[in-house]
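In what follows, a structure is listed as structure tokens, so that the remarks can point back to it.
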Amino acid sequence: MKIRRYSWIVQFEHWLVALSGVMLIFTGLGCLPLFKRYYITEVPGFKWTADFYTVTKLHYIFAILFTFGVIFHVTYHLLRRDFGLLPKKGDLIKSFKTILASFGLMKEPPADKWLPEQRYAYVGIAGVTSVVVGTGIIKVLKNLEWIILSPKTESTINLLHTIFGGLFILLFFVHLFFVLAIKANWPLLKAMLTGSVDEDYVRERHPLWFERIKEKNQ
């Protein structure tokens, strides 16, 4: 039996943010610029990355999609009062236990719909994303002739955007590692593609969520 974990709206917002985020990372690195320096432009099919203006325009396009996805996500879950991904009391200790359990070093504590480390990761990614989006918007607005920033302010914004962009890349790869390298998390990736997980998986790994589902169906 299958249990619905993600609605199509959640799947849509996740993949919109994820795919546009990947392209932002790629084009952002191109804007530094790094591709010519490290001969990425010599790779077949990537010659276009040598054109700074093309890469920058694409960065803006994917930034619009990414920002829309982030705003949609926040608005949608606020209106639904869906705060399940916010950290709860005791999550810090449970997170360490869950991570250790992923490597077979101890037993995983009973989990609700969201694993405790997922809640902490969500807040961390949300914080970094907020700075990236905020500084990115300012970097775009400063191109308007009626918005003038001091050289110090502009350099600070650029520095913050670069630093938090780097943190975003780091968190992205950490997220990929835990999704792809930890076998216990594979059903969660499948669920983000199909929207559902097996009942046995929920019963074993998310017993608190499973109990709520049973109570609701009674």
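Between Rg and the Kirkwood Rh of the range 1-130, both from Cα atoms, what is the Rg to Rh ratio?
On the way: Rg = 19.2 Å, Rh = 17.5 Å.
Radius of gyration over Kirkwood radius for the range 1-130 works out to 1.10.
List the pairs from Lys88/Lys214; Lys57/Lys152; Lys2/Lys216; Lys107/Lys183; Lys47/Lys190 whose alpha-carbon separation is above 27 Å, in the order I gave them.
Table pairs above 27 Å Cα-Cα are Lys47/Lys190.
In whole Hz, what ³J(HN,Hα) sequence does the range 63-78 give by Karplus (6.51, -1.76, 1.60; θ = phi - 60°), x for Gly and Pro?
5, 5, 5, 5, 4, 4, x, 5, 5, 4, 4, 4, 5, 4, 6, 5
Got a sec? How would Ser20, Ser150, Ser196 order by Cβ neighbour count within 10 Å, fewest to most? Please report the intermediate quantities before stating the final value.
Numbers: Ser20 20, Ser150 8, Ser196 16.
Placing the least packed residue first, the sequence is Ser150, Ser196, Ser20.
May I ask you to derive the relative contact order of the range 2-217, considering only C-alpha pairs under 8 Å and at least 6 residues apart, and to give it as an integer percent?
Relative CO of the range 2-217 lands at 26 percent.
Per the Kirkwood definition applied to all pairs of different Cα atoms, how many angstroms is the hydrodynamic radius of the chain?
After inverting the pairwise mean of 1/r, the radius is 19.7 Å.
Just so you know, all these numbers are worked out from the coordinates, no wet-lab data involved. This one's a predicted model, so the numbers in the text were calculated from it and none came from an experiment. Ideal geometry is used to build each Cβ from the backbone, glycine not excepted, and the neighbour counts take in all protein chains shown.
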